[in-house]
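The values are calculated or read from the model by the stated rules, or taken from the named source; none is laboratory data. Remember, it's a predicted structure, so these values are computed and weren't measured experimentally. Please note: Cβ atoms are built from the backbone with ideal geometry, for glycine as well, and neighbour counts cover all protein chains shown. In case anyone asks, the SASA skips ligands and DNA or RNA and just uses the protein heavy atoms, side chains included. Shrake-Rupley method; radii C 1.70, N 1.55, O 1.52, S 1.80 Å.
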Amino acid sequence: MQAILAIFSTVGLFLIYQRLYAKWSKPYMLPILTTAITLVAVLLIFKIPYSTYMEGGQWIHKMLGPAVVALAYPLYNQRKLVFQYKYSILSSLLVAMLSGLVSVFLLLKGFKASHAFLLTALPKSLTTPIAMQVSETIGGIVPLSALLVMIAGFTGALLGPIIFKLAKIDTAISRGVSLGSASHGVGVSKLTEYGEKDISIGSLAMGLSAVLGAFICPLFALVFL
Amino acid sequence: MQIIRTIAQIGILTIYYYLGVVIVNLTGIFIPASIVGLILLWLSLYFKLIKVQYIQDGATFFLAFLTLFFIPSTIGVVDHPELLSKAGLYLILAVIVSTLFTIALTGKWSQWIEKKEAAAKDGEQ
């Protein structure tokens, strides 16, 4: 009974918030955020343990694996774009991946963060479903990783345009590739304000850096942690 | 008919996912099974082992609801109040600073390569 209630409330809230987001497309209206906040509030107010919610929630969670596989479809559709800009896109993705990993690692070392927090933060620039699976693979705290991914996304969506101005980053490829590989989906949504090409490059960079990150993050964790 | 086709295609995507699970279990590699499945599917499409029409509707369905599937794990933050500690705030700060640094460096790098490529092309002509 509780399981069914958990499934229906999650899916129901998500569909409602998705409709609201279609009308009112602000980053803080993203259905993942609004649905999660509402459910967390309900669990805390009514003192429902997370494990009780997950009796139903796990069935939705089980779809995540096949859903990640489905990302092959847009990556296949965009294969022409990859071959067209192969050097600038692929080398930039590598720069993004390494600078993201090294900088967050050094900062957290400086803050004397725990081992668990280091592993949790490493996948922060990957798109959420893949970040969660990488976090699980390397032994991070999965829900915290998901939260950090969203913080990376909002950082890019809100402050990305300021960086573009300060650093004089003013081409579609460089804007798309930097936001797509550092701030994934939430960052890419900001690129709608620049143009069609920014978005295509951005979503391509997001997809490719997720695949690349699934290899490099665990390798980085293995070598340095 | 549309619904049946979508469900069947979700089945195909799920088979690719489980192929990934089997490969990860057999080889013990540290890559998520879903990524192995994604790469297998991409290769299958690229080498025309399967037609894109066989997965199109299923993939479109999954992508439309992608964020729904990670809500249950995200809610797991209720079991981690340590995020509201000093260490948690440092964690968030590190992610913000690292993201800003990555955007700036990647954007500059990409623009530099792009200009070099354009210059090389002009030289050829």
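Give me the residue from segment B:48-68 that is small (G, A, S) and at pLDDT 90 or above and, out of that set, nearest to A:L75 (Cα to Cα).
B:A59
Please work out if B:A104 is hydrophobic (A, V, I, L, M, F, W, C), open to solvent by less than 60 Å² (accessible area, probe 1.4 Å) and under 25 Å from A:A6 (Cβ atoms). Don't jump to the end; show me each part of the working.
Working: hydrophobic (A, V, I, L, M, F, W, C): yes; open to solvent by less than 60 Å² (accessible area, probe 1.4 Å): yes; under 25 Å from A:A6 (Cβ atoms): no.
Criteria not met by B:A104.
Can you find a residue that is in contact (Cβ under 8 Å) with a residue 40 or more places away in the chain, surrounded by fewer than 19 Cβ atoms within 10 Å (Cβ to Cβ) and part of a helix (DSSP H, G or I) anywhere in segment A:124-138?
The answer is no; no qualifying residue exists.
Every residue, every condition in (1) modelled with pLDDT of 95 or more; (2) more than 18 Å from the chain's Cα centre (by Cα); (3) more than 8 Å from every other protein chain (Cβ to nearest Cβ), yes or no:
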site	(1), (2), (3)
A:R79	no, yes, no
A:L90	no, yes, yes
A:M97	yes, no, yes
A:V104	yes, no, no
A:T120	yes, no, no
A:K124	no, no, no
A:T127	no, no, yes
A:Q133	no, no, no
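Looking at (1) touching a residue at least 60 places away in the same chain (Cβ under 8 Å); (2) open to solvent by 60 Å² or more (accessible area, probe 1.4 Å); (3) among the β-branched types (V, I, T), find the lone condition where A:I45 falls short.
Unmet for A:I45, out of (1) touching a residue at least 60 places away in the same chain (Cβ under 8 Å); (2) open to solvent by 60 Å² or more (accessible area, probe 1.4 Å); (3) among the β-branched types (V, I, T): (1).
Output the residue which, of all residues in segment B:51-60 that are more than 16 Å from the chain's Cα centre (by Cα) and open to solvent by 60 Å² or more (accessible area, probe 1.4 Å), is farthest from B:I3 (Cα to Cα).
In this case the residue turns out to be B:K51.
Among the listed residues A:S92, A:S99, identify the single one that is in the same structural domain as A:L212 (by TED's automatic domain parsing), surrounded by fewer than 24 Cβ atoms within 10 Å (Cβ to Cβ) and closer than 20 Å to A:S183 by Cα.
A:S99
Collect the residues in segment A:183-203 that are within 11 Å of A:I173 (Cα to Cα) and β-branched (V, I, T), keeping them in residue-number order.
A:I199, A:I201
In the list A:A36, A:A70, which residue meets the criterion of being in the same structural domain as A:A157 (by TED's automatic domain parsing), under 16 Å from A:T128 (Cβ atoms), crowded, with 17+ Cβ neighbours inside 10 Å and modelled with pLDDT under 95?
A:A70
Starting from segment A:206-225, take each residue that is open to solvent by less than 50 Å² (accessible area, probe 1.4 Å) and list its partners that are assigned to a helix (DSSP H, G or I) and among the aromatic types (F, W, Y), counting only C-beta distances under 8 angstrom and pairs at least six apart or across chains.
Pairs that qualify, where the first residue is open to solvent by less than 50 Å² (accessible area, probe 1.4 Å) and the partner is assigned to a helix (DSSP H, G or I) and among the aromatic types (F, W, Y), are A:F220/A:F105.
Taking segment A:139-168, which residues are in a helix (DSSP H, G or I), open to solvent by less than 40 Å² (accessible area, probe 1.4 Å) and under 19 Å from B:S110 (Cβ atoms)?
Once the filter is applied, which keeps residues that are in a helix (DSSP H, G or I), open to solvent by less than 40 Å² (accessible area, probe 1.4 Å) and under 19 Å from B:S110 (Cβ atoms), segment A:139-168 yields A:A152, A:T155, A:G156, A:A157, A:G160, A:P161, A:I163, A:F164.
Look at segment A:169-186 and say how many of its residues are open to solvent by less than 10 Å² (accessible area, probe 1.4 Å), outside any helix (DSSP H, G or I) and more than 7 Å from chain B (Cβ to nearest Cβ).
Restricting attention to segment A:169-186, the residues satisfying the condition of being open to solvent by less than 10 Å² (accessible area, probe 1.4 Å) are A:169, A:173-174, A:176-184.
Remaining after also requiring outside any helix (DSSP H, G or I): A:169.
Restricting the remaining residues to those that are more than 7 Å from chain B (Cβ to nearest Cβ) gives none.
Counting residues in segment A:169-186 that are open to solvent by less than 10 Å² (accessible area, probe 1.4 Å), outside any helix (DSSP H, G or I) and more than 7 Å from chain B (Cβ to nearest Cβ) gives 0.
If you scan segment A:39-61, which residues turn out to be facing chain B (nearest Cβ under 8 Å) and of a type outside the set (A, V, I, L, M, F, W, C)? Talk me through it step by step, then tell me what you get.
So in segment A:39-61, the residues facing chain B (nearest Cβ under 8 Å) come out as A:39-40, A:43-44, A:50, A:53-54, A:57-58, A:60-61.
Residues satisfying the conditions are A:Y50, A:Y53, A:G57, A:Q58, A:H61.
Here's the yes/no breakdown for (1) within 11 Å of chain A (Cβ to nearest Cβ); (2) small (G, A, S):
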site: B:G20; (1), (2): yes, yes
site: B:L26; (1), (2): no, no
site: B:S34; (1), (2): yes, yes
site: B:W42; (1), (2): yes, no
site: B:Y46; (1), (2): yes, no
site: B:Q56; (1), (2): yes, no
site: B:L63; (1), (2): yes, no
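Does segment B:65-101 hold any residues that are of a type in the set (A, V, I, L, M), under 19 Å from the mean Cα position of the chain (by Cα) and either open to solvent by less than 10 Å² (accessible area, probe 1.4 Å) or more than 7 Å from chain A (Cβ to nearest Cβ) (or both), and which are they? Write out each step before concluding.
Taking segment B:65-101 first, the residues of a type in the set (A, V, I, L, M) are B:66, B:68, B:71, B:75, B:77-78, B:83-84, B:87, B:89, B:91-97, B:100.
From the residues that got through so far, the ones that are under 19 Å from the mean Cα position of the chain (by Cα) too are B:66, B:68, B:71.
Correct list: B:I71 only.
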